[in-house]
Amino acid sequence: MHVRAVASRLVLRLSACTLLAALAGSAALAQTRVYAGSNDSPDVLINATFSSPTMTYGTEATDGGATTGGQLNQVRVFKSTSPGCSMVAQTHSGSNNISIYVIDAAGGLHPAPGSPFATGVGTQSLAWAPDGGALYVPLAVSGAANVITFTLSCTAGGGAPTITNTGSVALTGFNQLRDAAVIGAGNGTHLCVTGTLSGNVGCFPLTARIPGTTAVNTITVPLARGLRIAPNNCGFAALGNASSVQAFTVSAGGTITATNTGTTSTLARYGAITADGSLVAVGCEGPAFTLFTMNGSCQLALVGSNVTSPPTLDLYMAFDANNLLYVSDSDSNQIRVFAPNGAGIGAAVSTSTINHAGSPLAPGGIDVALVPSLPVELLDLAVE
């Protein structure tokens, strides 16, 4: 999101050395917005700001959505470079709809006009187009494979976005869609999905933002669940019937090719991948998550697992642009933050209790967005 607070003219006069030092240090000062579902009725959106090592919780947001308490709900952020166009989407498996919130300059959340938006039974997962112009909602329904496309139009600083439900498309060769991701730049070129009951993963070409009905190809992933793909087109999908994840690569044309598998601590569920594709974290059906490195050939190598004590449930997690890992600890009402690397997970750099007093299953689905630390637009700069 873009935070803009501008005087009529701002002039900084710095030495070259001072300027370089300031620019180098700005990334370290950056804050991260953190959003997580509450798995409750109403299913409020937990809203926090992380500035290491402190997590500060703000006012929760709600627009009437609800969950069944089954912890099968996701939160996905679209971070725009245009003021007023960054948004958060949240699924509600109980009320069969999704919420879309606009993020203001201070990180506050405001329901978009018409939110929540009806979707149907099986509303669990989400995928944004890279430019934020579309939001895809695959439905986890046995015997079907429908995905709903919402198109969005937003003018920078021009008020609330316009959101349109364009209807659903039935994907052939898939059964019970569980997760999704979009590859390509701009509008995106393909929508990639997992089919739990069909046990496969594949990518469908997008035309005018609408997915076609036939995948370019598929690979076998038994009871496939969570799916994530990095911008370098390296990705992974969780095997729902095993303590394992399948790594793969996707070509620009949407052809998906399996590489290798990795072993998780217990049954693999959902997870996250860094923007550079170098780290993969996978949540498990149990009190643990597992970390892998991923090389340029999209192959996994085990780093290790983190097991919580006392036990909690680590299904959902997200990386920020600095490769910090945010873990949603359901059953314990906490969010933990790690600074993992190829040498290990390490101890949490932050452990905080959320401010939601309802469901004992919170927090659930989680996503994050790194924001600028200096809310000033530089209009003039002189280096002396």
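The values are calculated or read from the model by the stated rules, or taken from the named source; none is laboratory data. Computed from a predicted structure; not experimentally measured. We place every Cβ from the backbone using ideal geometry, glycine too, and count neighbours over all the protein chains shown.
Output the number of residues of region 307-328 satisfying the condition of being crowded, with 23+ Cβ neighbours inside 10 Å and in contact with an Asp or Glu (Cβ under 9 Å, 6 or more places away or on another chain).
7
Considering only residues that are part of a loop (DSSP other than H, G, I, E, B) and within 16 Å of Ile366 (Cα to Cα), which ones fall in region 47-58?
Quick first cut of region 47-58, residues part of a loop (DSSP other than H, G, I, E, B) only: 52-53, 58.
Answer for region 47-58, where residues must be part of a loop (DSSP other than H, G, I, E, B) and within 16 Å of Ile366 (Cα to Cα): just Gly58.
I need the full set of residues from region 307-331 which are in a loop (DSSP other than H, G, I, E, B) and within 18 Å of Thr68 (Cα to Cα), in order please. Outline the logic, then answer.
Initially, region 307-331 is screened for residues in a loop (DSSP other than H, G, I, E, B), giving 308-312, 320-324, 331.
Correct list: Asp331 only.
Out of (1) more than 21 Å from the chain's Cα centre (by Cα); (2) free of Cβ contacts under 8 Å to residues at least 60 places away in the same chain, what's the single condition that is false for Thr249?
With respect to (1) more than 21 Å from the chain's Cα centre (by Cα); (2) free of Cβ contacts under 8 Å to residues at least 60 places away in the same chain, Thr249 is out only on (1).
Can you name every residue in region 59-85 that is aliphatic (A, V, I, L, M) and part of a strand (DSSP E or B)? Steps first, answer last, please.
To start, the set of residues in region 59-85 that are aliphatic (A, V, I, L, M) comprises 61, 66, 72, 75, 77.
Answer for region 59-85, where residues must be aliphatic (A, V, I, L, M) and part of a strand (DSSP E or B): Ala61, Val75, Val77.
Filter region 333-349 for residues that are closer than 25 Å to Leu361 by Cα and either in contact with a Ser or Thr (Cβ under 7 Å, 6 or more places away or on another chain) or not in a loop (DSSP other than H, G, I, E, B) (or both) and give the result.
Asn333, Gln334, Ile335, Arg336, Val337, Phe338, Val349
Would you confirm, using the coordinates I've provided, whether Ala156 is in a loop (DSSP other than H, G, I, E, B) and either free of Cβ contacts under 8 Å to residues at least 12 places away in the same chain or within 22 Å of Asn355 (Cα to Cα) (or both)?
Working: in a loop (DSSP other than H, G, I, E, B): yes; either free of Cβ contacts under 8 Å to residues at least 12 places away in the same chain or within 22 Å of Asn355 (Cα to Cα) (or both): no.
It is false that Ala156 is in a loop (DSSP other than H, G, I, E, B) and either free of Cβ contacts under 8 Å to residues at least 12 places away in the same chain or within 22 Å of Asn355 (Cα to Cα) (or both).
Failed condition for Gly107, given (1) at positive phi; (2) modelled with pLDDT of 90 or more, with all others met?
(2)
Which one of these is surrounded by 20 or more Cβ atoms within 10 Å (Cβ to Cβ), of a type outside the set (Val, Ile, Thr) and under 20 Å from the mean Cα position of the chain (by Cα): Leu177, Leu171, Leu206? I'd like the intermediate steps shown before the answer.
Details: Leu171 fails: under 20 Å from the mean Cα position of the chain (by Cα); Leu206 fails: under 20 Å from the mean Cα position of the chain (by Cα).
The unique qualifying residue is Leu177.
For region 153-196, which residues satisfy the criterion of being in contact with a Cys (Cβ under 7 Å, 6 or more places away or on another chain) and more than 18 Å from Gly254 (Cα to Cα)?
Answer for region 153-196, where residues must be in contact with a Cys (Cβ under 7 Å, 6 or more places away or on another chain) and more than 18 Å from Gly254 (Cα to Cα): Cys154, Ala156, Pro161.
For residues that are within 21 Å of Arg225 (Cα to Cα) and part of a strand (DSSP E or B), tally how many sit in region 288-303. Break it down stepwise before answering.
From region 288-303, those within 21 Å of Arg225 (Cα to Cα) are 288-294, 298-302; that's our starting set.
Checking the rest, the ones that are also part of a strand (DSSP E or B) come to 288-294, 300-302.
So the count comes out to 10.
Which of (1) outside any loop (DSSP other than H, G, I, E, B); (2) modelled with pLDDT of 95 or more does Ala369 not meet, given it meets every other one?
Condition (2) is where Ala369 drops out.
Just to be sure, is Gly64 on the phi > 0 side of the Ramachandran plot and under 14 Å from the mean Cα position of the chain (by Cα)? Working first, answer last.
Working: on the phi > 0 side of the Ramachandran plot: yes; under 14 Å from the mean Cα position of the chain (by Cα): no.
The answer is no for Gly64.
Among strands (runs of 3 or more DSSP E) lying entirely in region 86-148, which contain 3 or more residues that are within 19 Å of Val182 (Cα to Cα)? Write out each step before concluding.
Working: elements: 87-92, 97-103, 109-111, 134-138.
Hits in region 86-148: 87-92, 134-138.
Return the residues of region 275-288 that are buried (at least 24 other Cβ atoms within 10 Å of the Cβ) and modelled with pLDDT of 95 or more; say none if nothing qualifies.
Hits for region 275-288 are Val280, Ala281, Val282.
Can you name the condition, by its number, that Leu381 falls short on among (1) at pLDDT below 95; (2) in a loop (DSSP other than H, G, I, E, B)?
(2)
Considering only region 71-84, how many residues are within 19 Å of the chain's Cα centre (by Cα) and modelled with pLDDT under 90? Before you say what the answer is, go through the steps one by one.
First, the residues of region 71-84 that are within 19 Å of the chain's Cα centre (by Cα): 71-81.
Those left that are additionally modelled with pLDDT under 90: 71-72, 80-81.
Going through region 71-84 one residue at a time, the tally reaches 4.
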